[in-house]
1. I want to confirm something. Restricting to the range 68-86 and keeping residues that are assigned to a strand (DSSP E or B) and in contact with a Leu (Cβ under 8 Å, 6 or more places away or on another chain), which single residue is modelled with the lowest pLDDT?
2. Is it true that ASP111 is modelled with pLDDT under 95, surrounded by 12 or more Cβ atoms within 10 Å (Cβ to Cβ), closer than 24 Å to ARG78 by Cβ and among the charged types (D, E, K, R)?
3. Looking at (1) modelled with pLDDT under 70; (2) surrounded by fewer than 13 Cβ atoms within 10 Å (Cβ to Cβ); (3) within 15 Å of ARG187 (Cα to Cα), which is the one condition that is false for LYS58?
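The values are calculated or read from the model by the stated rules, or taken from the named source; none is laboratory data. What you see is a predicted model, and the numbers here were worked out from it, not measured in a lab. With ideal geometry, Cβ positions are generated from the backbone for all residues, glycine too; neighbour counts draw on all protein chains shown.
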Amino acid sequence: MAQPINPVPAPSPSYTAITSPIAVIGTQYCVSEYPVDLIIERKARALTTGNFSVTDLKQNLMFKLQVQWSLHDNRILRDPMGKPIVTLRQKIRTIHGRWEVFRGDSHHERDLLFTAKTTSWLQWKTKMDIFLVNNYSEQYPDFRLEGSYSEKSGIIYYGNGHSQAILAQMHKKETVKSVLLGKDNFRVTVYPNVDYAFIVSLIAILDDIDMSNSLIN
């Protein structure tokens, strides 16, 4: 289990703590006693399978992302042993960018966990609404992500972003080694009682958005 070994950035004074587990993917990914710090690493601008990995602060591998190039460009988040945790698929022919996230390596509707969509077609900074599978009307999002992969910063909120209940925050973590090796590294602090596999899956979608923008630009 990932444990903090360095001081973590404190949330804002108005931060509202999450007191009950938010387990979108599984309760085994919720830690109640302390925040979980993760390091996201991606080879800069690489279009290769397995270019995205997640470790704890002791450099123990937590997750790795497999990209399957196809019409939907499936992304499979796997544990260190290679077991599929969730599959991310981008829907085509939609006004907003929209992704569906399924349990394991399934594409079946019965295994759908949540969907995510950008709030507008053209964005300077990504704003993404997340809807759980039982949120049929999608009138209000269950969660919101506001951030930028390229800037390595962002916040994931409970609700529509007006709430002060923060689930996780992204922080820059650049080193001389990462610059020389051409890798993007940053740190994610996942606050207590929050499913950190769920948070990683959202960052994987943010990574997909950034990669697509890189190809366009």
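1. The selected residue is ASN74.
2. When the stated conditions are applied, ASP111 does not pass them.
3. Every condition holds for LYS58 apart from (1).
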